[in-house]
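See structure below.
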Amino acid sequence: MTFDKSLSRIFQFLLALFFAITASSAVLGFFRAYNAVAQILLTFVLMLTISPFLIKKGDMHEMECKTNLPGWATILLFVAGVLILVALVLVPLGRWPLSHAGDWYPWDAGAYHFPKAVELMTSGSIWDMSIAYADYPFGYESLLAMALLITGDTALFGFVHVLIVLFFISGFWMLARRITKVDGGLLFFLIVMLLLSDHFFQFLNLWRVFTLDIYTVGKNDLLAAAASLAVIVYFYKTQASFKEGMLGFALASGLAASVKPNTLYVLFPLWLFIIMRFYREKLAALVGYALMLVPGSLWLLRNFIVLGTYASADASRLVEWSIASNLGNPYFYQNIPKNLVLVVIIIMLEILLAWKHKKEHFWNAIIAVVLFIGFISTPVTAYFGATDVPPTINWRFGEALLAFLGVLVMNDLALLLALPKWSRIASQIALGSLLVISVASGGWLIFSQREMMQKVPQNAYIIHDQFPQPVGVDGYYSAYDYVQQNVHHSIVWVENGLPFYTYDAEFSNTVSRQEQADYVVGFRTDWFGEGRSEFPDLIEKLLASQTYEIVYQDTQGIVLHQK
C-alpha cells in the first residue's frame, strides 16, 4: 500500500535527520566549533550523504502481510488514525505552548534540558561541566539548539516534538509490521489508539504513560524510546540481511547513544549479538559501521577526560534507586504495581512461545528480556530518595519496553485469531464489527477530547516565567522578569528555581558556574511541598559576606548583584 511506503520513508527520513543533527552537534561541540553556519552546513552534508544509502539499503515497506483486509478498509482505518493523531496530538504539539500541550511544564526542561540547548548554541562547546546534568548526553538538546539557531527563540520547540512523535509512531509501526505481519492501516490505527489509551481505561493499562508523555515538551524520554525502537527495527532487518539492515542499525545506535545513558543497556547486547554472528565474514564492515557510534558517544569521552570516569558522583548514586538495585530490598515487595507483574507475565509468555516455536518467537523473547533488564537497571526506576518505603515505578524510562510489549500482544492476538478457520460470513461480520468499533471509538475520542484542539493563550507564560500568576513588585512579573529585562551578558546563578528563565531575549546571559556569578537569583517558594519558607542558604551566605547587594526582592524571589 502507498501509506506503507510513506510511513517507511518518514521513518527513514527522520532517522537520517536526527542522526545528522545530533552527530554534527556532538562533533562541533566537542571541538568547540559549534555555530550556526557550521552546524547547518554539516547537518545538510550528512543528510545528503546518509539518506540515499539508507533508502537504498532495502525497501522497508516491502514486508509480508498475512491479513486480507479489503483495500478500502485499510485506507479507512489509516485515515481514521491520521485524523485522530493530527487533531489530538500533532496540532496541540505544534501550537505549544499555546495549547493544552503547554498545560504542564516539566521541571527538567527549565532546570537543564532547555539551558543545555541554549549554552550549546551560545558557547559553541560541550565542555562546561558546571551546568546541571552536564555529564549526561546532549542529543535531545542538540535538536532544540538547532531550532534556536533557525528562529532565535523557542518557536520551533513544539515542532521538534511533532517530529519526535512521528519518529516514535513510525518506528512503532515499522516494528509491528515486521513482527506481526498485520495490515498496515489496522496497525497504525491500533498504535494511535494505544498511545491515547488512558482516555479509555486505566486498570492494568501498560501504555497509559504514553498519553501524557506524547504531549511533554521538554523531556527526552520519548526520543530515547523512538531511537531504541529504530535500533530494534534494524536489528531484525540485519538478522535477515546484513547488507540491508546494518547501516540503519548503526545510525539508530548512534542516535540512541546520544540521547540517554540507559539506551546503552540495550545497545551493548544487541551489538554483541550482531558481532558474534557476523565477525568472521564481516569484521571490516563491522568496524566501519561501529564508527557511526563515535559521535553519539563523545559525551562519554568528554566525561572521562574531565571527570576521570563515565559519570559524576551524583549521577552514579542514582543507580541505587533502580529496580535492579532494590531486588533485595524488602520494602520493594510491599506494593509492587500490578502493571509490573503484567509485564513479567507477558515476557514469560513470550519465552514460553519461543521454547515451543523458536523460529517465530526466539528474537522476540530475547529482545523483550534485553529491554526489561535495561529498564530495571535504569536509575530512579523504583525510588527517588528514601528506599524504606513502597516503590513507585517510573514507567517513562521503559517506554521502548512498553511499545515492544504492545507489539508482542498484537502479534500473539493475531496468531490466536488465525488458528480457527473463519467462514466467509464470519469474516465479513468480524470485519464489519472491527470497522464500526474503530470508527465509533475514534469519533468518540475526538469528540470527547475536542478541547485539545483549542488554543490556550494563557499558557504563553511558561516561555517566560515559572509562576502562573504575577508575584513581583515595581511592575515586574517576578524576579525572573527583573533579570530578563535588566541583566545582560552576565553570569547568573539560580537557587531553588529554574535557570532557563534567567536568559534575556537575546540569550546573552549564561548559567555556567565555572566562574563567580555576576547575579544570583533565589526563591523561597515551596515548589515541592517540602515546607520551605526561607531563601536558600547560598543567598544568606552571600549577603553575610557583603560581596553582593540586593537589587530586587518580592515575596517569592530575590536578585543579588556582585558589588
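When the label point is put 7 Å from the Cα of Asn329 along its Cα-to-beta-carbon vector, which residues of the range 382-425 have a backbone N closer than 18 Å? Backbone N within reach: 382-398.
Looking at this model, which pairs from Lys116/Lys260; Lys5/Lys56; Lys5/Lys219; Lys56/Lys243; Lys5/Lys421 are more than 20 angstrom apart at the alpha-carbon?
Correct reply: Lys5/Lys219; Lys5/Lys421.
Using the average count of surrounding beta-carbon atoms within 10 Å as a protection proxy, the listed peptides 236-242, 255-261 rank, highest first, as 255-261, 236-242.
Considering only Leu538, Val473, Val483, the residue lying farthest towards the positive end of the dipole of the range 468-562 is Leu538, judged by Cα position with unit charges set on Cβ. Net charge of the neighbourhood of Asp481, taken over other residues with C-beta under 13 Å away and scored Lys/Arg +1, Asp/Glu -1, is -4.
Neighbours of Phe507 by Cβ distance under 12 Å: Lys/Arg scored +1, Asp/Glu scored -1, total -4. Peptides 334-343, 80-89, 156-165 ordered by packing proxy, namely the average of other Cβ atoms within 10 Å per residue, highest first: 156-165, 80-89, 334-343. The trypsin sites (Lys or Arg not before Pro) of the range 348-451 that DSSP puts in a loop, and whose beta carbon has at most 16 other beta carbons within 10 Å, are Lys421.
Relative to the longest principal axis of the Cα atoms of the chain, the long axis of helix 2-30 lies at roughly 30 degrees.
Across the chain, the longest run free of exposed loop sites, meaning GluC sites (Glu not before Pro) lying outside DSSP classes H, G, I, E and B with no more than 13 other Cβ atoms within 10 Å, spans 65-505.
Farthest toward the positive end of the dipole of the chain, out of Thr74, Asn326, Ala313, is the Cα of Thr74, where the dipole comes from beta carbon charges about the Cα centre. Full extension of the chain between Phe384 and Asp474 yields a length gain of 28.5 nm, computed as 0.36 nm times the residue separation minus the alpha carbon distance. Put a plus charge on the Cβ of each Lys and Arg, a minus charge on the Cβ of each Asp and Glu, and nothing anywhere else: the dipole of the chain about its Cα centre is then about 2740 debye.
In this calculation the C-beta distance from Arg424 to Ser448 is compared with R0 = 25 Å, giving a FRET efficiency of 0.10.
Amide hydrogen proximity for Val494: with H placed 1.01 Å from N in the peptide plane, the residues at 5 or more positions away or on another chain lying under 5 Å are Val521.
For the range 468-562, the dipole from Cβ point charges (+1 on Lys and Arg, -1 on Asp and Glu) about the Cα centre works out to 100 debye, to the nearest 20. When both the range 411-433 and the range 72-129 are represented by their alpha-carbon centers, they are found 38 Å apart. What is the helix-to-structure angle for 242-257, meaning the angle in degrees between its Cα long axis and the longest Cα principal axis of the chain, kept from 0 to 90 and rounded to the nearest 10? Once rounded, the angle reads 30 degrees.
Volume per residue for the chain equals 165 cubic angstrom (convex hull of Cα atoms).
Centre-to-centre, using Cα atoms only, the range 324-359 and the range 437-467 are separated by 35 Å.
The long axis of helix 157-180 is offset from the longest Cα principal axis of the chain by roughly 20 degrees.
Any read-out appearing in this document is the output of simple, stated calculations on the displayed coordinates, not a laboratory observation. On a predicted model such as this, the values are computed, not experimentally measured, just so you know. In this analysis, Cβ positions are derived from the backbone assuming ideal geometry, glycine residues included, and neighbour counts consider all displayed protein chains.
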